[in-house]
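Remarks on the structure that follows.
The values are calculated or read from the model by the stated rules, or taken from the named source; none is laboratory data. Everything numeric in this text was worked out from a predicted model, so none of it was measured. So basically every Cβ, Gly included, is an ideal-geometry build from the backbone, and we count neighbours across all protein chains shown.
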Amino acid sequence: MCADVDLTLQGVRFLQSPRAQAELQELAGTTITPQGHLAAVMKLRERFTPQEAGWLLHQAALQAKAGDKFGTPQRCLLLEEALQQASTIALAGYHAQQFRQFHAIADLGCGIGGDLLAFAAIIPTVIAVEIDPIRAALARYNVINHGFGSNTQVLEGDWTKMTVDTQAAFIDPARRVSGRRVFSLQAMIPPIGIILRYLDQQPNAAVKTSPGVDPSEIPPTAEVEFISENGEMKEALLRFGALKQGYQRCATLLPSGQQLTEISMRDPDVAVGEARAYLYDPDPAVLRARLVRPLAARLGASMLDPEIAYLTMDQAVQTPLARHWKVIRQGPFNLKNLNRWLQEHNAGEVVIKKRGSAVDVDDFQRRLRTEEGGEKRTVFLTQCKGKPWMILTGDEIT
């Protein structure tokens, strides 16, 4: 971020002023292109200091791209890194629903208030704590500006050294250190060890962690839920105490709320063999939760390889837990044979998907023989019973 838009507490106070708010409302109705940025800055500097102009323009840009995370971003003040880490509207709403049984909860590490706004909308009392003074100031402004000032309190401080008297807690540790993402539970701030000690005073908690968490780091006292939204992995949620729901691991798909759970760590036996009529690719949440075999058992599907997460069936079954394609041809990996298949089936645009293959996709794509204006086809490069395998399919079935 450029120095002239580094937000300070002075900047927060300025952005909250009626004068700045009126200007942000004007900026919300305009589109500032990269080419027009300098002109917009110069125009603002006719009425504001250079630093104020930078704060205004940057804030307007953040509000313009925050629609998937804040339903009314023009009523919010934002911070770039905090916006990147904030929950989407659907995810924040899902978090809030998990706490609806409680009358008073804590939002620990609340950032600029993405989840906090969702909690405040349905929980009678919410106490939020944020260690960063700027983020705390923004969160406080955002909840008040959304009409939740009466049931929500935002405190600035280190929640690991505080006693927050509530019935449950949502804990959102920092997962960026020096600007870089961290995936280990030990590298979060605070690390999982400190969080577990905190649970001695508040056992009812859900902890938001990276979807790339190492399963071996997950505490044995926790349930783990992997959550995706529209096919994109979002997070791993660790549940403790009264937030637990009776499973070992769970995959949750948003916005539908569809779930696949497993109460046992023992996976069911699944048949292994060549592709049948349809090929299925499980949702990323199912993959991260290591629930491919339970999904196969639920669908009556088999696997191409015991170590590869593709499923196959004789019939087409619509399920939000997996995408699927109609199989056209399959066989051992061989570029010459694949090009012959592509010509025989009038392939135009070809999408390549791979799992368990070392092929360089970009190089491989250039070597395919396709017809301009031909049909869209998908090629899967994978393994079947330990052997390199390729499968030609039609377009994804929706």
Could you tell me which numbered condition Val224 fails, if it satisfies all but one of (1) of a type in the set (Val, Ile, Thr); (2) at pLDDT below 95; (3) part of a strand (DSSP E or B)?
-> (2)
Going through segment 108-133 in order, the residues found to be in a loop (DSSP other than H, G, I, E, B) and in contact (Cβ under 8 Å) with a residue 60 or more places away in the chain are Gly109, Cys110, Gly111
So Val41 fits all but one of (1) crowded, with 20+ Cβ neighbours inside 10 Å; (2) over 24 Å from Glu225 (Cβ atoms); (3) in contact with a Leu (Cβ under 8 Å, 6 or more places away or on another chain); what number is the exception?
-> (1)
Segment 268-291: number of residues that are assigned to a loop (DSSP other than H, G, I, E, B) and surrounded by 16 or more Cβ atoms within 10 Å (Cβ to Cβ) = 7
Can you name every residue in segment 362-383 that is among the aliphatic types (A, V, I, L, M) and either within 30 Å of the chain's Cα centre (by Cα) or farther than 21 Å from Gly331 by Cα (or both)?
-> Val379, Leu381
Just name the residue that is modelled with the lowest pLDDT out of those in segment 58-93 that are among the charged types (D, E, K, R) and closer than 16 Å to Leu254 by Cα.
-> Asp68
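Rundown of residues vs (1) in the same structural domain as Thr312 (by TED's automatic domain parsing); (2) in contact (Cβ under 8 Å) with a residue 60 or more places away in the chain; (3) loosely packed, with under 15 Cβ neighbours inside 10 Å; (4) within 25 Å of Gln315 (Cα to Cα), yes/no style:
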{"residue": "Leu338", "(1), (2), (3), (4)": "yes, no, no, yes"}
{"residue": "Asn346", "(1), (2), (3), (4)": "yes, no, yes, yes"}
{"residue": "Ile352", "(1), (2), (3), (4)": "yes, no, no, yes"}
{"residue": "Gln365", "(1), (2), (3), (4)": "yes, no, yes, no"}
{"residue": "Gly373", "(1), (2), (3), (4)": "yes, no, yes, no"}
Answer yes or no as to whether Leu7 is farther than 30 Å from Ala242 by Cα, under 19 Å from the mean Cα position of the chain (by Cα) and buried (at least 20 other Cβ atoms within 10 Å of the Cβ).
-> no
Kindly indicate which of Gln330, Gln315 is of a type in the set (S, T, N, Q) and loosely packed, with under 15 Cβ neighbours inside 10 Å.
-> Gln315
Mind checking which residues of segment 76-97 are touching a residue at least 24 places away in the same chain (Cβ under 8 Å) and surrounded by fewer than 17 Cβ atoms within 10 Å (Cβ to Cβ)?
-> Glu80, Glu81, Gln97
Among the residues of segment 166-210, write down those that are in a loop (DSSP other than H, G, I, E, B), at pLDDT 95 or above and either of a type in the set (Asp, Glu) or touching a His at 6+ places or on another chain (Cβ under 8 Å) (or both).
-> Gln167, Asp172
Some residue of segment 323-333 being in contact (Cβ under 8 Å) with a residue 12 or more places away in the chain and either assigned to a helix (DSSP H, G or I) or among the acidic types (Asp, Glu) (or both) | no
Residues of segment 134-168 being in contact with a strand residue (DSSP E or B) (Cβ under 6 Å, 6 or more places away or on another chain) and either in contact (Cβ under 8 Å) with a residue 40 or more places away in the chain or of a type in the set (S, T, N, Q) (or both), which ones?
-> Asn151, Thr152, Gln153, Val154, Trp159, Val164, Thr166, Gln167, Ala168
Scope segment 34-85; condition under 21 Å from the mean Cα position of the chain (by Cα), over 26 Å from Arg181 (Cα atoms) and part of a helix (DSSP H, G or I); matching residues | none
Go through (1) touching a strand residue (DSSP E or B) at 6+ places or on another chain (Cβ under 9 Å); (2) surrounded by fewer than 18 Cβ atoms within 10 Å (Cβ to Cβ); (3) polar (S, T, N, Q); (4) closer than 28 Å to Gly179 by Cβ one by one and return the number of the condition Thr261 breaks.
-> (4)
